[in-house]
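Taking it in order: structure first as structure tokens, then the write-up.
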């Protein structure tokens with residue numbers, strides 16, 4: 001069974017727990033945004049307590065990708081503040097890790113988070129990306145001829161092997177679209193700031209979705225403007241636009257699509273401004 005569609009959950013509603021990172025990051029709490037039941041690949045919000053530290057030398061069996069959204073995370077020679085990003089391939093020997101004042105970090109693992117062994121592949125240096133400052137990356141302009149103007153993308157990472165992509169998208173206020181979209185790849189999103197009015201409700205900071213390929217969605221709009229963290233799985237983003245059966249409108253009803261085990265966490269978070 002593949003990872004189910006989650007669209008959308010407010011991460012504020014999810015419980016903090018030790019799993020699935022207890023074995024590799026003792027003392028760190030996780031909110032599980034989504035998880036693949038076959039591979040153990042997972043998307044998490046991790047909360048590092050003030051004073052957290054882990055010695056150098058850890059080598060994970062899976063890729064780790066992260067974006068800091070609160071506090072600072074340090075790894076031997078690298079300091080990741082707000083919007084600090086890295087992609088660390090499986091097998092890479094890690095430096096000492098610390099969070100002197102604590103940190104909140106959106107984190108993605110390509111499989112069950114665990115320490116590597118003799119079967120862990122030698123890391124591909126082309127897949128190692130460290131010390132990317134999302135605050136300083138340049139915006140690209142309109143990256144699709146039908147994409148409504150008023151938005152820009154900051155590319156954080158494109159995998160040289162799979163061509164999966166991770167990027168920040170910023171949009172201006174009072175912007176909306178009239179057409180729905182679909183993509184041939186998985187699209188994953190965590191809302192960092194602002195709000196989004198879409199076909200399933202109003203997303204606030206901390207909103208998250210995992211959408212399988214070829215699912216029609218939107219159109220979307222924002223009164224305030226917003227900042228998204230997006231990822232694809234299965235290759236780079238491409239988009240087909242189509243007429244929406246329901247015209248765009250502000251303040252849509254809250255009708256999320258969630259797997260059964262997440263149904264208890266479906267409530268909206270009206271007016272929330274911080275996702276932790």
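Can you list the strands (runs of 3 or more DSSP E) found entirely within segment 128-185 that contain at least 3 residues being under 13 Å from residue 232 (Cα atoms) and touching a strand residue (DSSP E or B) at 6+ places or on another chain (Cβ under 7 Å)?
Details: elements: 129-133, 151-158, 165-171, 179-182.
Result: 151-158, 165-171.
Among the residues of segment 53-67, are any assigned to a strand (DSSP E or B), within 21 Å of residue 230 (Cα to Cα), touching a helix residue (DSSP H, G or I) at 6+ places or on another chain (Cβ under 8 Å) and in contact (Cβ under 8 Å) with a residue 24 or more places away in the chain?
Scanning segment 53-67, I find no residue that is assigned to a strand (DSSP E or B), within 21 Å of residue 230 (Cα to Cα), touching a helix residue (DSSP H, G or I) at 6+ places or on another chain (Cβ under 8 Å) and in contact (Cβ under 8 Å) with a residue 24 or more places away in the chain, so the answer is no.
Matching residues to (1) closer than 25 Å to residue 192 by Cα; (2) touching a residue at least 12 places away in the same chain (Cβ under 8 Å); (3) surrounded by 20 or more Cβ atoms within 10 Å (Cβ to Cβ):
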| site | (1), (2), (3) |
| --- | --- |
| 49 | yes, yes, no |
| 69 | yes, yes, yes |
| 74 | yes, yes, no |
| 80 | yes, yes, yes |
| 95 | no, yes, no |
| 123 | no, yes, no |
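How about segment 217-245: which of its residues are assigned to a strand (DSSP E or B) and in contact (Cβ under 8 Å) with a residue 60 or more places away in the chain?
Keep residues of segment 217-245 that are assigned to a strand (DSSP E or B), which gives 217, 221-222, 226-233, 240-243.
Correct list: 217, 228, 229, 230, 231, 232, 233, 241, 242, 243.
So is residue 102 buried (at least 16 other Cβ atoms within 10 Å of the Cβ) and in contact with a strand residue (DSSP E or B) (Cβ under 7 Å, 6 or more places away or on another chain) or not?
Numbers: buried (at least 16 other Cβ atoms within 10 Å of the Cβ): no; in contact with a strand residue (DSSP E or B) (Cβ under 7 Å, 6 or more places away or on another chain): yes.
When the stated conditions are applied, residue 102 does not pass them.
Read the figures in this text as sums done on the coordinates, not as results from a lab. In this text the structure is predicted, and so the values were computed from the model without any measurement. Cβ coordinates were reconstructed from backbone atoms using ideal geometry, including for glycine residues, and neighbour counts include every protein chain displayed.
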